[in-house]
1. Any idea which of Leu87, Leu155 is surrounded by 12 or more Cβ atoms within 10 Å (Cβ to Cβ), within 20 Å of Asp72 (Cβ to Cβ), free of Cβ contacts under 8 Å to residues at least 40 places away in the same chain and touching a Lys or Arg at 6+ places or on another chain (Cβ under 9 Å)?
2. Kindly list, by first and then second residue, each pair from a residue in the range 135-149 that is within 23 Å of Asp43 (Cα to Cα) and in a loop (DSSP other than H, G, I, E, B) to a residue that is of a type in the set (S, T, N, Q) and open to solvent by 60 Å² or more (accessible area, probe 1.4 Å), limited to pairs with Cβ atoms under 9 Å and residues at least 6 apart or on different chains.
3. Given the criteria open to solvent by 80 Å² or more (accessible area, probe 1.4 Å), in contact (Cβ under 8 Å) with a residue 24 or more places away in the chain, out of contact with any strand residue (DSSP E or B) (no Cβ under 9 Å at 6 or more places or on another chain) and within 30 Å of Ser31 (Cβ to Cβ), does Arg111 qualify?
4. Got a number for residues in the range 116-134 being part of a helix (DSSP H, G or I), among the aliphatic types (A, V, I, L, M) and open to solvent by less than 30 Å² (accessible area, probe 1.4 Å)?
5. What do you reckon, is Lys47 touching a Pro at 6+ places or on another chain (Cβ under 8 Å), of a type in the set (Lys, Arg) and open to solvent by 20 Å² or more (accessible area, probe 1.4 Å)?
6. Filter the range 41-66 down to the residues that are in a loop (DSSP other than H, G, I, E, B) and among the hydroxyl-bearing types (Ser, Thr, Tyr), then identify the one that is modelled with the highest pLDDT.
Amino acid sequence: RISSKSFPKWVLAFCAVDLVTAGYAFLPFASAREIYPPAPTFDFLRKDPEPKRVAPVGVTWGASFELVYGLDSATGYTVVLRQFSRLMAPLGVSGGITSLSAEKIVQSPGRLLDLANVKYLAATSWNTSAQTMASRPDRFRRVFEDGPVQVFENLSVLPRAFLVPA
């Protein structure tokens, strides 16, 4: 009874409805706010309206935690790719570790962080990373503190995209 021209349309519509409704009773429909607890550090970082990247220093938080809270990561995902690892090696990314080294950041004469649009760096007082970052107030300014977590603003960050004349 269905014409050969309309049959593919009916099949496509049936499949679409089936896919949309199949998981309704089986998959939970919850937003990230309902699953992940409020975190003052991530709440502070989300308040900045301009696009920027954030990075943990000295393993302040686990791999990709910032992505869960809607922030752009400077260190990538849980799996560190070889090319990315080579690029970020001067700042301490190596061997699958997605956290930067405060000592290497402070000692680095280059502007890799600035070029990567890393505006905020989160360090912790559980190790020497917060103290090391605070030792360079000309480059990094402490803008937030919540217990052992301290957030530093990179004062020389560059925009995410910019034109170079030559």
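The values are calculated or read from the model by the stated rules, or taken from the named source; none is laboratory data. Please read these numbers as outputs of a predicted model, since none were measured by experiment. Please note: Cβ atoms are built from the backbone with ideal geometry, for glycine as well, and neighbour counts cover all protein chains shown. In case anyone asks, the SASA skips ligands and DNA or RNA and just uses the protein heavy atoms, side chains included. Shrake-Rupley method; radii C 1.70, N 1.55, O 1.52, S 1.80 Å.
1. On the way: Leu87 fails: touching a Lys or Arg at 6+ places or on another chain (Cβ under 9 Å).
Unique residue meeting the criteria: Leu155.
2. Close Cβ pairs (under 9 Å, with a partner that is of a type in the set (S, T, N, Q) and open to solvent by 60 Å² or more (accessible area, probe 1.4 Å)) amount to Gly147/Ser125; Pro148/Ser125.
3. Values: open to solvent by 80 Å² or more (accessible area, probe 1.4 Å): yes; in contact (Cβ under 8 Å) with a residue 24 or more places away in the chain: yes; out of contact with any strand residue (DSSP E or B) (no Cβ under 9 Å at 6 or more places or on another chain): yes; within 30 Å of Ser31 (Cβ to Cβ): no.
No, not satisfied.
4. Residues of the range 116-134 that are part of a helix (DSSP H, G or I), as a first pass: 129-134.
Among the residues that remain, those that are also among the aliphatic types (A, V, I, L, M) are: 130, 133-134.
Applying the additional criterion that residues be open to solvent by less than 30 Å² (accessible area, probe 1.4 Å) yields 130, 133.
Here the count works out to 2.
5. Details: touching a Pro at 6+ places or on another chain (Cβ under 8 Å): no; of a type in the set (Lys, Arg): yes; open to solvent by 20 Å² or more (accessible area, probe 1.4 Å): yes.
So Lys47 does not fit the description; no.
6. Here is the first cut: in the range 41-66, the ones in a loop (DSSP other than H, G, I, E, B) are 47-52, 58-64.
Within this subset, residues satisfying the condition of being among the hydroxyl-bearing types (Ser, Thr, Tyr) are 60, 64.
Values: Thr60: 87, Ser64: 79.
Looking at residues that are in a loop (DSSP other than H, G, I, E, B) and among the hydroxyl-bearing types (Ser, Thr, Tyr), I get Thr60.
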